[in-house]
Amino acid sequence: MISFVTRIHFADRVLEDALPEELEKLGIRRPLIVTDEAGERDDCLDRLFDSLPALCEPIHLNGFRPKVMTGQIRGASATYSNNRCDGIIGFGGAVALDLARLIDARSQLITIPTTTESVGLGPIGGAFVGTEICNPRNPSVVLCDATLTVGASAYATAIAGMDTLTHCLEAYLGTAFNPPADGIALEGLRRAMRHLSRAVHNGNDIEARREMLAAALNAGLAARKGLGGIDAAAKALEAQAGLWGRHGALNAALLPHVLAFNTPAVGDRLPVIREALGVPSGGDVAAVIADLGARLGLPGRIGSLGLGRADLRRAAKAAAADPANQTNPRLATAEDYLRLLQEAC
């Protein structure tokens, strides 16, 4: 199945123009607004509420942080029902957008990212604990406004951007057949490689922020094809180390080892990736991305997490069971993941 059905607005300051229009179109008068730390930053939340139509009666659920427990999802669903809400707005980073996707599947959903890590498309991230999620729903509408992302810190931008870049890479290399997703992934990879450093080193560079938001959109669309071993291993390590919602920080350390494991199955695709990344013919893709991670201040090894062999073994078992492993170019066993994690220490 190949489907891309979400309506997407993409423009600077599109929040103020498009949100009232979409609320009217979807018939939403009493939205449940779900926010996390990223959605409550600077003037973001004020802009959201100022954009709501005068007759709108929002119910606001705020303060969500990684990690999110199953009980919090149930509580959010109860708030939606008890207040007779007729739609949902996810506003902020991956935690808020993902949580909004898990509340009342019958309702209309609008996601509005304020970071460049997620737009509310693709698999649910690693911030949710004790919840089996196979097919999260997609939003009816996504509003991508780069001006909402300007206040993010350099480190948050670095890990979000590395996560976006890795998702594009793994979606392109994944085993599923989806030619449109391949093209979208490669374009996202190209944008992320060329603009991530600028977005990190100058938080007010609106062009770089816009390009990284575009790359995050590409990553979300392309991830319908599935991800791979880097995402599976990063989420598993995140759970063991308590780094909820921050697995993008580990991607640069894991990528060389997982990509080396996958190379026998993806050799014919590496020249296309080199071209997208601007790497010379025959160049080392993994080394180039790892070097980018180092320049952004991301860890090059996972040893600093302080995990013992038992922790790594649990992480390896979880990675092997992760749905992302099913679309990895080479299906990896728990023993394969344990070896890769030990190499990355």
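The values are calculated or read from the model by the stated rules, or taken from the named source; none is laboratory data. This one's a predicted model, so the numbers in the text were calculated from it and none came from an experiment. Glycine also receives a Cβ, built like all others from the backbone with ideal geometry; neighbour counts cover every protein chain displayed. Note: accessible area is taken over every heavy atom of the protein model, side chains too, but ligands, DNA and RNA are not part of it. Shrake-Rupley method; radii C 1.70, N 1.55, O 1.52, S 1.80 Å.
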- Please indicate, with yes or no, whether at least one residue in the range 199-208 is modelled with pLDDT of 95 or more and open to solvent by less than 10 Å² (accessible area, probe 1.4 Å). yes
- Starting from the range 69-94, take each residue that is closer than 17 Å to residue 29 by Cα and list its partners that are in a helix (DSSP H, G or I) and polar (S, T, N, Q), counting only C-beta distances under 7 angstrom and pairs at least six apart or across chains. none
- Message: When the residues of the range 84-123 are narrowed to those that are modelled with pLDDT of 80 or more, part of a loop (DSSP other than H, G, I, E, B) and of a type in the set (A, V, I, L, M), which ends up surrounded by the most Cβ atoms within 10 Å (Cβ to Cβ)?
- Response: 119
- Task: Could you check, for the range 30-38, whether at least one of its residues is assigned to a helix (DSSP H, G or I) and either at pLDDT 95 or above or in contact with a strand residue (DSSP E or B) (Cβ under 9 Å, 6 or more places away or on another chain) (or both)?
- Result: yes
- Message: Scan the range 143-158 and tell me whether some residue there is in contact with a Phe, Trp or Tyr (Cβ under 6 Å, 6 or more places away or on another chain), open to solvent by less than 40 Å² (accessible area, probe 1.4 Å) and either aliphatic (A, V, I, L, M) or not in a helix (DSSP H, G or I) (or both).
- Response: yes
- Message: I need the full set of residues from the range 72-83 which are open to solvent by 10 Å² or more (accessible area, probe 1.4 Å) and hydrophobic (A, V, I, L, M, F, W, C), in order please.
- Response: 73, 78
- Item | Odd one out for residue 263, checked against (1) of a type in the set (S, T, N, Q); (2) over 20 Å from residue 296 (Cβ atoms); (3) under 16 Å from the mean Cα position of the chain (by Cα) | (3)
- Message: Looking for something within 19 Å of residue 174 (Cα to Cα) and free of Cβ contacts under 8 Å to residues at least 24 places away in the same chain - is there at least one such residue anywhere in the range 298-321?
- Response: yes
